[in-house]
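**Q** Supplied in structure tokens, the structure appears directly below.
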Amino acid sequence: MVVLFCAVWASAIALGPEAALPLGGSLAVGVGQESLPIPGDGEIFWPSDSPHMVLVCQGEEQLYTAEQAAALNIVRGAEDNEDEHFRWPKVESSDAIPLLLITGLLIATDEQTQPIFDRAFASPQAAASARILNRFGDEVGVLGFNALMYWLGDDEEEDAAILAFSAAIGASVATGALKRLTGRERPAQSGNRTIFHGPFQGVYESFPSGDTTAAFAMARVYAKKFPKWKYVFYALAAGTAYARIQRQRHFLSDTFAGALIGLYFGKVALTNEGVILKWSIWHW
């Protein structure tokens, strides 16, 4: 089937606009070795040193002129123009509503669940592991982990570090605003009771968990960029959530909400990869 698709595609370009346009779709490829997937095992890219575009199917390369490419609405540079605009990923109500309901349910049951966690995580071993795992999402961990990825890695690791750090910063800003709007007491402050004081109450900053937010924002970016290690990154993020609960800094609902915010901002960074990398000071 894939071979048939590639043959039809190549024939359409070769026969000219009349045959090609019905197959068309609006495709765009950027300058350089950037590529755009097409159905099947095919790929189109436009070498930076050539006015021609290349269609690759099943390992076979076919070279076509810009005029032939235009017959299929393949426009050089269009992808770069799209990358100039920042886009917020859409959240479907069918996804948001159940997650909000779960968050509300967790808040309603925090007074019952937090004592259970306190008893379960009371051992010295649990405390020691929490001190270590907490580092992935705190300020030192965010700066240190991404700095190591940036300075010790190749171009792929450098780009991932920039995106992950951007996601963590964006997520932390959003979380900081919510902390000040909700004014929730931490478990250690309230004796495991659920108490919200409302906006701008200074010392009450339990909801949502900022460290968990940053950890899951980074995890989503790194999991996407290095899928073989995705379970490791998500395990580190989950470990951060565990550490915040074990140390009585947050309720379960705080960490759950923080994880959701972090995952969303990780998606924001991945969606706007071109914009972020283009304007990053580390790429200047």
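**Q** Give the residue, chosen from Ser206, Ser190, Ser253, that is over 22 Å from the mean Cα position of the chain (by Cα) and within 24 Å of Ala96 (Cβ to Cβ).
**A** Just one listed residue meets the conditions, Ser206.
**Q** If you don't mind, there's one more thing I want to ask. Out of Gly137, Gly144, Gly153, which single residue is of a type in the set (Gly, Ala, Ser) and buried (at least 19 other Cβ atoms within 10 Å of the Cβ)?
**A** Result of the check over Gly137, Gly144, Gly153: Gly137.
**Q** Looking at region 229-256, which of the residues that are assigned to a helix (DSSP H, G or I) and among the charged types (D, E, K, R) is surrounded by the most Cβ atoms within 10 Å (Cβ to Cβ)?
**A** Asp254
**Q** While we're on this one: Quick check on region 189-209. Is at least one of its residues in the same structural domain as Gln114 (by TED's automatic domain parsing), buried (at least 22 other Cβ atoms within 10 Å of the Cβ), out of contact with any strand residue (DSSP E or B) (no Cβ under 9 Å at 6 or more places or on another chain) and assigned to a helix (DSSP H, G or I)?
**A** Among the residues of region 189-209, not one is in the same structural domain as Gln114 (by TED's automatic domain parsing), buried (at least 22 other Cβ atoms within 10 Å of the Cβ), out of contact with any strand residue (DSSP E or B) (no Cβ under 9 Å at 6 or more places or on another chain) and assigned to a helix (DSSP H, G or I), which makes the answer no.
**Q** Scan region 119-132 residue by residue and report those that are under 18 Å from Arg186 (Cβ atoms) and surrounded by 15 or more Cβ atoms within 10 Å (Cβ to Cβ).
**A** Phe121, Ala130
**Q** Here's something else I'd like to know. Testing Val173 on (1) within 20 Å of Glu273 (Cβ to Cβ); (2) more than 27 Å from the chain's Cα centre (by Cα), one condition comes back false. Which one is that?
**A** Unmet condition: (2).
**Q** Does any residue in region 187-198 that is closer than 16 Å to Leu252 by Cβ come within less than 7 Å, Cβ to Cβ, of a residue that is of a type in the set (Phe, Trp, Tyr) six or more places away or on a different chain, and which pairs are these?
**A** Listed pairs, sorted by first residue: Pro187/Phe251.
**Q** Just to confirm my filter: which helices (runs of 4 or more DSSP H) fall fully inside region 87-188 and include at least 1 residues that are more than 21 Å from Gln246 (Cα to Cα)?
**A** Per the criteria, 93-120, 139-152, 155-182.
The values are calculated or read from the model by the stated rules, or taken from the named source; none is laboratory data. None of the values given here were measured: they were computed from a predicted structure. A quick note on method: Cβ atoms are made from the backbone with ideal geometry, for glycine too, and the neighbour counts reach across all protein chains shown.
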